[in-house]
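Here's the structure, in structure tokens; my notes come after.
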Amino acid sequence: MDVKARKERKYDRLLTRVYADKAECGRAAAGRAIEVLRDVLQQKGSANVVFSTGSSQFAFVEALSRRKDEFDWGRVNAFHLDEYVGISSDHPASFRLWLRQRVADRLCPGSFTYIEGDADDPDGECRRYEQVLRENPIDLAFVGIGENGHIAFNDPPVADFEDPRWVNIVELDEACRRQQVGEGWFPSIADVPRFAITMTVPAIMACRRIISVVPEKRKARAVKATLEEPVSTACPASILRTHQAAELYLDEESACFFATSMEHEPRCGPTQGIH
Ligand code: GLP
């Protein structure tokens, strides 16, 4: 039932696997996630899991839902990476809505602690969520990578590998806001909130295991930078190469720009990428 990777290689510590297409990539990552989570439950009886959002995660969470009965999600406490400031939980672009519809209502985790993006006091909400994360060490985090190389909403201009905070308010960069319009979440860039609450890079790096699902051609440049450029905030996701237990799941499209080092030829033309 588990899908076999077409290619597999480590980039520093980051185990990278490439699958034929988005659906296979999602199925493979879901299979691996279930395997990891079973291990965690065996060791400690419950698991703390962070979910990411965005259209790149559709196939993955769909695959998890199809295999729902193979795992006791009631013993999972769920959390998330980020949320727009000032957006209500029923706004169509709200990550809480995304997570409620695609994760909470389908997998039925034992608990789901959301970032309340429209809290009256966003700084206080950051402090509250940071405390929750510090009290609930994360066993497994699903961390997508943005077109600009961001992890959560840590865009290149604001990402801080040494941030002492675990949750912070950040200003979204232009590429990130454009991406949200491109995915269809907002009608125009003017509608995309300027600020978001995000888990910081150190908070993500503190997660015990990371599974990063990054399919699609529009991510090809960010994937190349993640794997082949120096580890730096120019491409925040590059830090994943230094994590003790991170795995990257790609499809042939997102892998096409770093193809040479994985022994196949680049097959895609110029694309929008990190700037
Ligand atoms: C989004 C969200 C993250 C997500 C990542 C990839 O913008 N901030 O929660 O992990 O970036 O998502 P997408 O599918 O939108 O590229």
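The values are calculated or read from the model by the stated rules, or taken from the named source; none is laboratory data. No experiment lies behind these values; they were computed from the predicted model shown. Here Cβ is always computed from backbone atoms with ideal geometry, including for glycine, and neighbour counts include all displayed protein chains. Ligands, DNA and RNA are stripped out before the accessible areas are found, and what is left, the full protein with its side chains, is counted by its heavy atoms. Shrake-Rupley method; radii C 1.70, N 1.55, O 1.52, S 1.80 Å.
In the context of the full set of protein chains, residues of the stretch 148-191 present 44 Å² of accessible surface per residue (probe radius 1.4 Å, heavy atoms only). Based on Cα atoms of the chain, Rg over Rh with Rh as the Kirkwood radius reads 0.93.
Share of carbon and sulfur in the accessible area of the stretch 72-142 stands at 43%, probe radius 1.4 Å.
In straight-distance terms, cross-link reach from Lys10 covers every one of the aspartates and glutamates whose alpha-carbon lies under 18 Å from its own, apart from those fewer than eight places away in the same chain; here that gives Glu228, Glu229, Glu247, Asp251, Glu252, Glu263.
Only beta bridges with both residues in the chain are counted; by DSSP, about 40 percent of them are antiparallel.
Here the Gaussian network model covers the chain, with springs between Cα atoms less than 10 Å apart; of Thr16, Thr200, Thr113, Thr113 fluctuates the most. Rolling a 1.4 Å probe across the protein heavy atoms gives the stretch 42-81 an accessible surface of 38 Å² per residue. Across the options Leu99, Ser89, Val143, the greatest Cα extent toward the positive end of the charge dipole of the stretch 1-159 (unit charges at beta carbon of Lys, Arg, Asp, Glu) belongs to Val143.
With the gyration tensor restricted to C-alpha atoms of the stretch 1-142, the semi-axes of the equivalent ellipsoid amount to 27, 18, 16 Å, longest first. Just checking the listed ones, Asp82, Asp251, Asp120: in the Gaussian network model of the chain with Cα springs under 10 Å, the one fluctuating most is Asp120. Cross-link pairs exceeding 24 Å between alpha carbons, from the set Lys4/Lys224; Lys68/Lys217; Lys4/Lys68; Lys68/Lys224; Lys22/Lys44: Lys68/Lys217; Lys68/Lys224; Lys22/Lys44. I'd like to know which of Phe153, Ser52, Gly117 lies farthest towards the positive end of the charge dipole of the chain, counting +1 on Cβ of Lys and Arg and -1 on Cβ of Asp and Glu. The Cα lying farthest towards the positive end belongs to Ser52. Legend: helices of the chain (whole DSSP H runs) are marked when their alpha-carbon atoms reach 27 angstrom or more along the helix axis and their mean Kyte-Doolittle hydropathy is at least -1.0; marked are 22-44.
Taking Ile169, Ile210, Ile189 in turn, the Gaussian network model of the chain (Cα-Cα springs below 10 Å) assigns the largest fluctuation to Ile189.
The helix-based estimate of mean residue ellipticity at 222 nm for the chain, built from -39,500 (n - 2.57) per DSSP H run of four or more residues and divided by its residue count, is -8000 deg cm²/dmol to the nearest 500.
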